[in-house]
Amino acid sequence: MTRREAWGAALIALGVLAFWWATAIWAVPAQDSAGRQVVFFYQGVSGSAITGWIQLVSLLGGAVGSILLASALIGRIRRRRLRRSVGWAACAVAILAAPYSAVVVFFAFLAAMGIGDDVELTAATGQSVLVTQDGFDGDVVVIYTKYDRFHYVMNRQADDLAGFPRVKDRDCHLVDLDGRLRLTCGADSVIINPT
C-alpha cells in the first residue's frame, strides 16, 4: 500500500466516521422528557453550527480521500488502454458529481456559519436564557431556558421580539422577578416562566 492509498483510505474512513458522529451522536438529546426541543450551546456556538463544521470537514476530507485513493488505484492498472478508459470514466463521474457536491458543501457551510442568531443572556441571579432568531426575515424568535451545562430547552416563542432591529442588535437585559424572568429588548418585554 502506497502512502497516497493510505492517506486516501484514512481520509475516507475519517470522513465517514465524522459524518456519522455529527448526524447520529451529536443530535442526542433532541427532546426532554416533556417533549420540548433541546438544543446544544457551548461558548457562544450552537450545536447545529458545530455539526455543520464537522459535516463540512468530513465532506471535504472524504472528497480529497476519494481523489487520492482513486488516482492511486487507477495507476495500478497495467494495461494502458484499460487504465486510460477507467481514468476518463472516473474523470467523467467526478465532473457529473461536482454540482451535487457543490450544493451539499454549500448547505453544510450555511449550517456551519449558523443561518440565524443566537444570543445568550444571564440574569444577576445566574439564570440564563438563549434567544434564537431566524436568519431570513427575523420573524421567528424562540426563547430557551437552561436545561443543563451545555443544553437549553425550548420555553416559548417571542413574537413581540420578532422583526427588525434584530435581537442581537438591541440592548437586551434579563431580570429575575421572584422565580420568573423578564427579558427586555429595547421597548419590548417578555415574561419567561423557567421550568
Original post:
Which condition number in (1) more than 25 Å from Ile50 (Cα to Cα); (2) charged (D, E, K, R); (3) in a loop (DSSP other than H, G, I, E, B) is the one that Asp139 fails?
Top reply: (1)
Original post:
If you go through region 57-75 one residue at a time, do you hit one that is free of Cβ contacts under 8 Å to residues at least 12 places away in the same chain and either in a helix (DSSP H, G or I) or not β-branched (Val, Ile, Thr) (or both)?
Top reply: yes
Original post:
(1) in contact with a helix residue (DSSP H, G or I) (Cβ under 7 Å, 6 or more places away or on another chain); (2) within 30 Å of Val129 (Cα to Cα): which one isn't true of Arg83, the others all being true?
Top reply: (2)
Subject >> Any hit, region 101-118, residues being in a loop (DSSP other than H, G, I, E, B) and modelled with pLDDT of 85 or more >> reply: no
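Only one residue in Ser33, Ser48 is closer than 30 Å to Val142 by Cα, in a loop (DSSP other than H, G, I, E, B) and within 27 Å of the chain's Cα centre (by Cα), so which one is that?
One residue alone meets the criteria, Ser33.
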**OP:** Filter region 1-22 for residues that are assigned to a helix (DSSP H, G or I) and surrounded by fewer than 13 Cβ atoms within 10 Å (Cβ to Cβ) and give the result.
**Re:** Arg3, Leu17, Trp20
Original post:
In region 143-195, how many residues are in a strand (DSSP E or B), surrounded by 13 or more Cβ atoms within 10 Å (Cβ to Cβ) and hydrophobic (A, V, I, L, M, F, W, C)?
Top reply: 11
Original post:
Mind checking whether some residue in region 48-61 is surrounded by fewer than 15 Cβ atoms within 10 Å (Cβ to Cβ) and either modelled with pLDDT of 75 or more or under 28 Å from Lys168 (Cβ atoms) (or both)?
Top reply: no
**OP:** Identify all residues within region 122-136 that are part of a strand (DSSP E or B) and surrounded by 12 or more Cβ atoms within 10 Å (Cβ to Cβ); write none if there are none.
**Re:** Ser128, Val129, Leu130, Val131, Thr132, Gln133
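The values are calculated or read from the model by the stated rules, or taken from the named source; none is laboratory data. If you're wondering where the values come from, they're calculated on a predicted model, not measured in any experiment. Positions of Cβ are generated from backbone atoms using ideal geometry, with glycine treated the same way; all protein chains shown enter the neighbour counts.
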